[in-house]
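Beneath this line is the structure, given in structure tokens, with notes to follow.
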Amino acid sequence: MHQITLIPGDGIGPEVTRSAREIVTAAGANVTWETVGAGMRTGEECGTPLPANVFESIARTRLALKGPVQTPFGDAYPVVVEGRTHPSVTIALRKELKLFVNVRPARNYPGVKSRFDNVDLLIFRENSEDLYAGRERMVDADTAEAIKIITRQGSERVTRFACEYMRKIGRRKLSVIHKSNVMKLTDGLFLKTAQKVARDHPEFEVNERVIDALCMELVVRPEEFDSLLLPNLYGDIVSDLAAGLVGGLGVAPGANIGVDCAMFEAVHGAAPDIGGRDIANPMAMILSAVMLLRYIGDAQAADRIERALTAVLLDQKHVTRDLGGSAGTREMTAAIVDKLSKA
Ligand code: NAI
């Protein structure tokens, strides 16, 4: 039996996490849930957007399924953990829990329309360094600065993880993404370190791309790419781009993985424009839960959910608006649960 910390989050978060939870339960996975609050709503209720009980729960369960949380602009809800200030709740969780890699697959799903039909990308985003290290300040009233941090150790760790993950699932081609022609020291260190670690895997075809050239190539011929390894900021941006190649943010899942715990969440944000209206696509969160089930070794429940989801996508009758249908989050969830009960 695995216990999972469930963070519903803000905006569409409570709706899509409820959907994922219902589906995991219907698939017969041997899990229990412990719900804790984090995000803007929690900040309003508790005075802090990231209360200590979130860390206490994850310290026990070592597993979390997290809905998106809203990050207000400005200083309304500073995220402070034991004296350390972070730019957002999500970044605080990734950093404090040492979730050093964000794994984000982006592939075509049957029944989901997109401009391309043969995309199968696997993104490894370094998750703890780069411009997201939180070292940003006003130098004077008219000048702001942010410090970009890349370490050899952080770059090695994420590359080793990527290579090991690729080896396990039989992937063979890795593109290391950088801008070392301009960011000579920081991205240069990332690139050189990644190439050195990857040399331990002669079975892989390893190449490199400058981030701007990659963006152009991805939107023209995404099928030529397989696995991408990127520093934090480029990884964040390219994940949304990759989601757009395969049907939008509603279909892109993700996993934040560390040494002793893991947190699963969709690529998309809290989507406050559609929050609470029962129109959000739950697929990205459901697929994040599928990644969680594979992580804990429950391939049977994971496979069952993917089959049920595929069946619902293919018959098109109960899919959300972003997928060309008119169903709500609840209706799409019920249709997947129904397929699970009949499988
Ligand atoms: P967003 O991803 O929330 O929304 C972008 C667009 O995609 C919106 O039009 C939204 O309606 C649509 N969308 C997103 N998910 C969808 C879904 N499942 N089904 C249907 N449509 C969907 O990005 P945005 O607007 O930049 O951010 C909104 C808030 O979310 C901000 O406060 C931001 O800081 C936060 N955010 C949180 C993240 C996290 O917790 N991991 C990640 C990204 C943003």
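The values are calculated or read from the model by the stated rules, or taken from the named source; none is laboratory data. Predicted model only: the values in this text are computed from it and were never measured. Cβ placement follows ideal geometry from the backbone for every residue including glycine, while neighbour counts extend to all protein chains displayed.
So that you can scan it fast, the table gives a plain yes or no per residue for (1) more than 19 Å from the chain's Cα centre (by Cα); (2) closer than 15 Å to Gly111 by Cβ; (3) buried (at least 21 other Cβ atoms within 10 Å of the Cβ); (4) in the same structural domain as Gly11 (by TED's automatic domain parsing):
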| residue | (1), (2), (3), (4) |
| --- | --- |
| Asp273 | yes, no, no, yes |
| Arg277 | yes, no, no, yes |
| Ala280 | no, no, yes, yes |
| Ala289 | no, no, yes, yes |
| Leu293 | no, no, yes, yes |
| Leu314 | yes, yes, no, yes |
| Ala343 | yes, no, no, yes |
Counting just the residues of the range 281-300 that are assigned to a helix (DSSP H, G or I) and among the polar types (S, T, N, Q), which one comes out farthest from the ligand (Cβ to nearest atom)? Gln300
Go through (1) of a type in the set (D, E, K, R); (2) touching a residue at least 60 places away in the same chain (Cβ under 8 Å); (3) within 12 Å of the ligand (Cβ to nearest atom) one by one and return the number of the condition Arg277 breaks. (2)
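Just the residues that are in contact with a helix residue (DSSP H, G or I) (Cβ under 7 Å, 6 or more places away or on another chain) and either away from the ligand (no atom under 11 Å from the Cβ) or over 18 Å from Ile336 (Cβ atoms) (or both), please, taken from the range 265-274.
The answer is Glu265, Val267, His268, Ala270.
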Determine whether Gly28 is small (Gly, Ala, Ser), within 15 Å of the ligand (Cβ to nearest atom) and within 30 Å of Lys339 (Cα to Cα). no
Can you pull out the helices (runs of 4 or more DSSP H) entirely within the range 4-68 that have at least 2 residues that are in contact with a Ser or Thr (Cβ under 8 Å, 6 or more places away or on another chain) and aliphatic (A, V, I, L, M)? 13-26, 52-61
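Looking for whichever is outside any loop (DSSP other than H, G, I, E, B) and among the charged types (D, E, K, R) here; the options are Asp273, Asp260, Asp278, Asp303. Which one fits?
After applying the criteria, what remains is Asp303.
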If you go through Glu22, Glu15, the only one that is under 22 Å from the mean Cα position of the chain (by Cα), at pLDDT 95 or above and within 14 Å of the ligand (Cβ to nearest atom) is Glu15
Single match in Asp226, Asp212 (criterion: away from the ligand (no atom under 16 Å from the Cβ) and surrounded by fewer than 15 Cβ atoms within 10 Å (Cβ to Cβ)): Asp212
Could you list, in sequence order, the residues of the range 22-35 that are touching a residue at least 12 places away in the same chain (Cβ under 8 Å) and surrounded by fewer than 18 Cβ atoms within 10 Å (Cβ to Cβ)? Gly28, Asn30, Thr32, Trp33, Glu34, Thr35
